[in-house]
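Reading through the structure tokens given below for one structure.
The values are calculated or read from the model by the stated rules, or taken from the named source; none is laboratory data. Since this is a predicted model, take the numbers as computed values, not measurements. FYI the Cβ positions are ideal-geometry reconstructions off the backbone, even for glycines, and counts take in every protein chain you see. Heavy atoms of the whole protein, side chains included, go into the accessibility calculation; ligands, DNA and RNA do not. Shrake-Rupley method; radii C 1.70, N 1.55, O 1.52, S 1.80 Å.
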Amino acid sequence: MVLDGQSSQSIALAAQALQRGDLIGLPTETVYGLAADANNPAAVAAIFAAKGRPADHPLIVHVAPQPTVESWRALLDTLCDRVPDMAWSLIDAFWPGPLTLILPRRSGVCTAAAGGQSTIGVRCPSHPIAVAVLREAASRGVIGVAAPSANRFGRVSPTTAAHVRSEFEGRLAD
């Protein structure tokens with residue numbers, strides 16, 4: 001099913017699907033992502049299985065934009081062991097946007113999404129639908145959303161919802 005990204009009801013349905021551990025297609029400012037709760041090992045395993053991607057290839061964790069430096073610190077403290085000073089300059093300059101920061105991962109958080117690494121890739125997209133879904137999911141306790149490109153491993157990344165639907169028919173939330 002393709003939902004209207006302008007509808008608050010559709011945003012809520014997408015966030016509920018993430019909260020349940022389902023997979024969804026999510027637009028970003030670059031391509032569509034195959035998204036799931038990054039801190040839910042079963043949901044992350046479903047991404048790897050659907051894509052045919054090796055489980056030791058880390059996934060980027062997408063987070064919602066934060067209104068203040070303090071809220072950014074609180075969010076990143078949940079995901080990361082520490083955030084270097086240089087990263088704060090990059091966050092200030094480039095987030096939201098298509099910049100991924102590789103940071104030391106907090107032990108026990110997003111372990112499956114990290115692909116066995118001690119680091120985590122964190123990104124704050126600027127696409128308005130992605131932002132709305134991430135904010136709504138966060139309000140439901142989803143701290144971050146793993147969302148690699150919504151294509152099978154080694155194939156071309158999708159740029160439309162129709163591409164995502166045809167690539168993953170039967171694997172996405174209804």
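Just a few scattered comments:
- Heavy-atom accessible surface of segment 1-57: percent carbon and sulfur, 1.4 Å: 51 percent
- Spin-label pair D92/S118, simplified geometry with 7 Å Cα→Cβ offset, distance in nm: 2.9 nm
- Residues in segment 63-79 that a label on S107 would reach, taking backbone N under 19 Å of a point 7 Å out along Cα→Cβ: 77-79
- Relative contact order of segment 38-173, pairs being alpha-carbon contacts under 8 Å that are 6 or more residues apart, as %: 35 percent
- Label assignment, Cα extents along the principal axes in Å derived from the structure, set (1) 43, 34, 27; (2) 46, 36, 27; (3) 55, 36, 33: (1)
- Probing with 1.4 Å while keeping every protein chain in the model, the per residue accessible area of segment 1-136 equals 46 Å².
- Acute angle (nearest 10 degrees) that the helix 85-94 long axis makes with the longest principal axis of the chain, alpha-carbon atoms: 50 degrees
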